[in-house]
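Below is one structure, written out as structure tokens; the observations come after it.
What follows draws every value from the coordinates through simple rules; no lab data is involved. Everything numeric here is computed off the predicted structure, so don't read it as measured data. Note: ideal-geometry Cβ built from the backbone for every residue, glycine included; neighbour counts use all protein chains shown.
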Amino acid sequence: MKKIVDGYFHLLKMLIALCLAVMVVLVFGNVVLRYAFNSGIPVSEELSRWLFVWLTFLGALVGMKEHGHLGVDSLVSRLSPFGKKVCLVASQLLILGVLWFLFSGSLAQTQINLDVQAPASGLSMAWFYGIGLVFSVTAAGIVLNDLYRVLAGKLQDHELVMVTESEELAEVAHHHGQVSAPSSIASTAK
């Protein structure tokens with residue numbers, strides 16, 4: 001199962017890189033065509049905008065899996081392990097609730113826009129709204145896995161705080177081989 005999940009997230013990273021590459025080609029090509037040849041690629045702006053939305057959501061999924069999102073843990077890091085578990089379970093349940101709203105809204109928008117064509121490309125607008133479905137289902141899987149690990153007692157104490165205080169602390173944690181231990185890193189970094 002771990003190989004399948006790792007393969008899926010490797011595919012997401014490749015899609016992110018592909019989105020970025022296609023965006024660069026479309027935008028740069030359009031600029032060159034406008035200035036050099038007084039023409040352009042009509043679908044360039046629309047497709048670049050769609051690719052940027054997909055890139056953002058896919059990047060958020062990768063960040064979520066790696067627990068790389070920034071957050072403030074000044075209160076939670078001072079709690080006992082039981083208090084940290086309670087806060088983590090509560091936050092995961094709230095996230096699942098938000099993901100349900102995102103899923104149901106994205107599903108409705110995708111169904112409504114199945115037959116609506118984008119102005120420049122003529123593609124179905126369902127592709128634009130469909131990323132909400134991909135994001136909410138994948139994110140729910142990540143959250144449910146984390147929730148299971150908390151409730152089954154499979155997390156160590158330093159894993160109970162699933163945010164990173166700053167990018168610098170995340171870099172220090174990466175060099176020390178830790179998953180995410182901002183409070184212990186902060187004390188050693190001083």
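What FRET efficiency comes out for the pair Arg149/Asp115, r = Cβ-Cβ distance, R0 = 41 Å, nearest 0.05?
Working: r = 42 Å, r/R0 = 1.03.
So the FRET efficiency works out to roughly 0.45.
Rounded, prolate or oblate for segment 1-134? Axes are the square roots of the Cα gyration tensor eigenvalues, ordered a ≥ b ≥ c, and the cut-off for rounded is a/c under 1.5.
Numbers: a/c = 2.66, a/b = 1.93, b/c = 1.38.
Taking the square roots of the gyration eigenvalues as a ≥ b ≥ c, segment 1-134 is prolate.
Counting other C-beta atoms within 10 Å, which of Lys3, Lys65 has the fewest, and how do the rest follow?
Values: Lys3 7, Lys65 19.
The order, fewest Cβ neighbours first, is Lys3, Lys65.
Dividing the convex hull volume of the alpha carbon atoms of segment 61-152 by its residue count, what do you get in Å³ per residue?
Numbers: hull volume 9.9 nm³, N = 92.
Considering the Cα atoms of segment 61-152, their hull volume per residue is 107 Å³.
Using the Cα atoms as the points, what is the convex hull volume per residue of segment 1-66 in Å³? Walk me through the intermediate numbers first.
Numbers: hull volume 4.5 nm³, N = 66.
Measuring per residue, one finds 68 Å³ for the Cα hull of segment 1-66.
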| Per-residue ³J(HN,Hα) for segment 130-139, Karplus 6.51 cos²θ - 1.76 cosθ + 1.60, θ = phi - 60°, Hz, x for Gly and Pro | x, 5, x, 5, 4, 5, 5, 5, 5, 5
| field | Cα Rg, Dmax (largest Cα-Cα span) when computed across segment 116-155, Å | value | 17.1, 52
| query | If you plug each phi of segment 48-62 into the Karplus form 6.51 cos²θ - 1.76 cosθ + 1.60 with θ = phi - 60°, what whole-Hz ³J(HN,Hα) values come out, in order, with x for Gly and Pro? | reply | 4, 5, 5, 5, 5, 5, 5, 4, 5, 5, 5, x, 5, 5, 4
